[in-house]
């Protein structure tokens, strides 16, 4: 009888039974698997196995069904690493484990690369301690002809509804974002050196420049045309020469002081901490003095008498040649604050209620007198208590008085910024109250 030879999967000798399965092979057991033990030199143990619903393709490790663990045993080379590919719940994960060196030692799998069931990919290579190839490589030869334009990499996003801060590219080093491009294609993190920008006119040969961020000029700046500052101009040192006009719609801060020798006309308002004028200054509008600030008029000869037409301006003559003109800061007036609740007829006891005021107005120097009160128609054995917090309250009160509708109150003090609160409890032997009751806290400014 002759046998067909399908080398190398079937024997070539007619006298050897063929290793051919003309039907499916079913392995029906816990943790079914197939083992490949090569006999060639330097062969490594290979295993395909199902473990807890997941399919594993493993090199140089095996599944120990007794200890329920992956390990390296006598059939594996314990001086070499182990590798595995796991297919589980639609996901695919590639693992690595260092050599265990000792047989039956459990494998410590480290995931290197994962594709989730929804197609998300995550690559976490081992720590690089020496020279290595790039983490991601694409090596391809393009030769389709001049009419064909290949694409090496493409990210095609269908943006239905996402944050404006969504990123197409995000590079991070030591938890610091060093390069990021948003979904509009704008670079939002990272720097491009000027020397790497093709076609840019070298500084300072440029015109009509719009600067939207912070611009620092370390040397002299000479502007021969109009300069429009929409967000302020800060001059910290040196001299600034403006041969044209300066139009600052948001205000300019001159930290080094401004000296005006030829006269200055201010028509739209001028805000300054210190203004030294050597010539004549003409104000075409009103002069506004913020509360607490002064105007000092000095000279070498006695000045004319100055007086205030109302109490909002205080004028003090310091000497025969100097006056102080100061706006009067009016004391803040804070209202009485009150919070209350109404306990309706028929409310059963025991009853407990916490009442908390809004934060008191004013600074900590503003003081308040606190008063809290409530009532209940007590009978024999009835008792009420009241305890305060959020301020300085009197000792909590508690009493038992069967004389009818009894009032309990509590006093205290607080300052601006504190939040007074009072807890009131009542236990009436008669069961329910027979009339509406007001529970309140009042804060009187003092």
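The values are calculated or read from the model by the stated rules, or taken from the named source; none is laboratory data. The structure presented is a predicted model; accordingly, all values stated were derived computationally and were not measured. A quick note on method: Cβ atoms are made from the backbone with ideal geometry, for glycine too, and the neighbour counts reach across all protein chains shown.
A few comments on the model shown:
- Some residue of region 364-378 being exposed (fewer than 13 other Cβ atoms within 10 Å of the Cβ), part of a strand (DSSP E or B) and either over 48 Å from the mean Cα position of the chain (by Cα) or modelled with pLDDT of 75 or more (or both): no
- Filtered residue count, region 162-191, keeping only those that are within 17 Å of the chain's Cα centre (by Cα) and loosely packed, with under 10 Cβ neighbours inside 10 Å: 5
- The residues listed here are 336, 345; of these, the one that is surrounded by 10 or more Cβ atoms within 10 Å (Cβ to Cβ), within 30 Å of residue 426 (Cα to Cα) and modelled with pLDDT of 80 or more is 336.
- Those strands (runs of 3 or more DSSP E) lying entirely in region 56-115 with at least 2 residues within 23 Å of residue 42 (Cα to Cα): 62-64, 69-72, 82-88, 91-97
- Scan region 13-39 for residues that are at pLDDT below 65 and within 29 Å of residue 59 (Cβ to Cβ) and the total you get is 1.
- Pairs with Cβ under 9 Å, 6+ apart, first in region 125-153 and without any contact (Cβ under 8 Å) to a residue 60 or more places away in the chain, second in a loop (DSSP other than H, G, I, E, B) and surrounded by 10 or more Cβ atoms within 10 Å (Cβ to Cβ): 132/125; 135/125
- Qualifying residue in region 74-81 (condition: on the phi > 0 side of the Ramachandran plot, exposed (fewer than 11 other Cβ atoms within 10 Å of the Cβ) and either without any contact (Cβ under 8 Å) to a residue 24 or more places away in the chain or not assigned by TED's automatic domain parsing to the domain that holds residue 119 (or both)): no
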